[in-house]
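In what follows, a single structure is set out as structure tokens and then discussed.
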Amino acid sequence: MTYTIESAQNIFSGTQIPSPIPATIALFDQLSVDDRLAYLWYAYTEMGRTITPAAPGAARLQLAEGLLTQIKQMSPEEQTKVMRDLANRIDTPINRSYGFFSVNTKLAFWYELGELMKQGIVAPIPTGYQMSPGVKVVLEATQKLDPGQQITVLRNTVVDMGFDTSDLTPSSSRKSVEPVFERTEPVTTNVKIEGIDEPAVLQYVEAMNADNFAAAIALFTADGALQPPFQKPIVGHEAIAKYMREEAQGLNMMPKQGICEVQPDGSKQVKVTGVVQTPWFGVNVGMNIAWRFLINPQGKIFFVAIDMLASPQELLNLRRM
Ligand code: EQ3
């Protein structure tokens, strides 16, 4: 039997229920530029009462240092314009530099801007700013989400800022080595998943928890694909490896249970649910996740989709339907 990525994307599709995350981001996208910046400020500081991200390491901040230094030297009006331009996603030199940053460097850049805003070095949200009804609506929608979903909304809005450089080739000076996230917590090795003894799945989790991306990639077929939450599949070893280096470092994956269905041709469809922690928030925030694997008859991963679950109840929803 030949599989296609399109057919693989549909495995266990009946267990999917719409996530509130894209709906919240759609509300955010309708806000004016100033409201977007204000929303992020309030959402971030409000969240910061209970959970705050870990400070990015010096090596990562160094990648954003050029931009941060430029911004620090600007007048408050110019600083506000830079932030508006970023939220507006227009084509400016600063937005292009930002667009070439990896996801984690974008987050580190805003983390530092937020610190500089608190210290008064970068223009803060103006005192006396009146929250618009639109901002209130998006904040209320955000408050209803669980912490794992809240940080995903924040992350995705930050990642989408700046100029979209996906069709541009970075100059060689812009290609930078992705710094590692130092692991501070002991990682979950010797993975056990109730209902699953498929070696490719267990080895995948062990390799990812050790940031051993070469070992994880070796488990995929040459034409295999990985589909991150709310994204298109990433196809082939090289593209998956690049993605993992940039976005999967320091994750702690704690799969709990799963089901495995053997198909007539010997391939297997596996669904696993569990919790994933990001190095930004460590043990303080768990994201409820499902992995949907298609394993070929030779035991290699042809496809894996990672889905954010709509609610904790979905952790137990392993039905096929
Ligand atoms: C300064 C301030 C506050 C105001 C200003 O007006 C505007 C902005 C933007 C501000 C700053 C905001 C900041 C600093 C926000 C920071 C947000 C952070 C650090 C969010 C981090 C989120 C991390 C997440 C959601 C990570 C999720 C990772 C997952 C789900 C990984 C899944 C994976 C698995 C499980 C695999 O098996 C394969 C790989 C893959 C990565 C897909």
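All of the numbers you see were taken from the coordinates with simple rules; none came from a lab. This one's a predicted model, so the numbers in the text were calculated from it and none came from an experiment. Positions of Cβ are generated from backbone atoms using ideal geometry, with glycine treated the same way; all protein chains shown enter the neighbour counts.
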- Task: Please say if the stretch 1-156 is rounded, prolate or oblate, where rounded means a/c under 1.5 for a ≥ b ≥ c the square roots of the C-alpha gyration tensor eigenvalues, and otherwise the choice is prolate for a/b larger than b/c and oblate otherwise?
- Result: prolate
- Cα-based Rg of the chain normalised by 2.2 N^0.38 Å, two decimals: 1.04
- In range of the label at Y129: residues from the stretch 65-102 whose backbone nitrogen is under 17 Å from the point 7 Å along Cα→Cβ: 76-89
- What is the helix-to-structure angle for 33-47, meaning the angle in degrees between its Cα long axis and the longest Cα principal axis of the chain, kept from 0 to 90 and rounded to the nearest 10? 70 degrees
- Note on the structure: Neighbour-count ranking for Y204, Y3 (other C-beta within 10 angstrom, fewest to most) reads Y3, Y204
- Farthest toward positive dipole pole in the chain [+1 Lys/Arg, -1 Asp/Glu at C-beta], among S267, L107, V137: V137
- For the stretch 196-238 the mean separation of alpha carbon contacts under 8 Å (6+ apart) over residue count, i.e. relative contact order in percent, is 27 percent
- Within the under-14-Å Cβ sphere about F181, not counting F181, Lys/Arg +1 and Asp/Glu -1 give a net charge of -3
- GNM flexibility winner over the chain from K118, K192, K271 (Cα, springs under 10 Å): K118
- Percent of Cα-Cα distances greater than 14 Å, calculated over the stretch 163-212: 68 percent
- Task: Using only Cα atoms, find the angle between the long axis of helix 133-143 and the longest principal axis of the chain, and express it within 0 to 90 degrees, rounded to the nearest 10.
- Result: 40 degrees
- Given +1 on the Cβ of Lys and Arg, -1 on the Cβ of Asp and Glu, and no further charges, what dipole in debye does the chain carry about its Cα centre, rounded to the nearest 20? 160 debye
- Relative contact order [Cα under 8 Å, 6+ residues apart], the stretch 253-302, whole percent: 34 percent
- Task: Could you pull out every one of the lysines with an alpha carbon less than 16 Å from that of K144, ignoring same-chain neighbours closer than 8 positions?
- Result: K136
- Express as a percent, rounded to the nearest 5, the fraction of DSSP beta bridges in the chain (both residues included) that run antiparallel. 85 percent
- Kirkwood hydrodynamic radius (C-alpha pairs) into Stokes-Einstein, the stretch 114-260, 10 °C and 1.306 mPa s, D in µm²/s: 83 µm²/s
- Item | Between 0 and 90°, nearest 10: helix 76-88 axis offset from the chain longest Cα axis | 30 degrees
- In percent, what relative contact order does the chain have, based on Cα pairs under 8 Å that are 6 or more apart in sequence? 21 percent
- Item | Å³ per residue enclosed by the Cα convex hull of the stretch 118-162 | 119 Å³
- Mind checking which lysines have their Cα closer than 16 Å to the Cα of K81? Skip sequence neighbours fewer than 8 apart in that chain. K72
- Query: So what is the 222 nm mean residue ellipticity for the chain from helices alone, if each DSSP H run of at least 4 adds -39500 (n - 2.57) and you divide by all residues, rounding to the nearest 500 deg cm²/dmol?
  - Reply: -12500 deg cm²/dmol
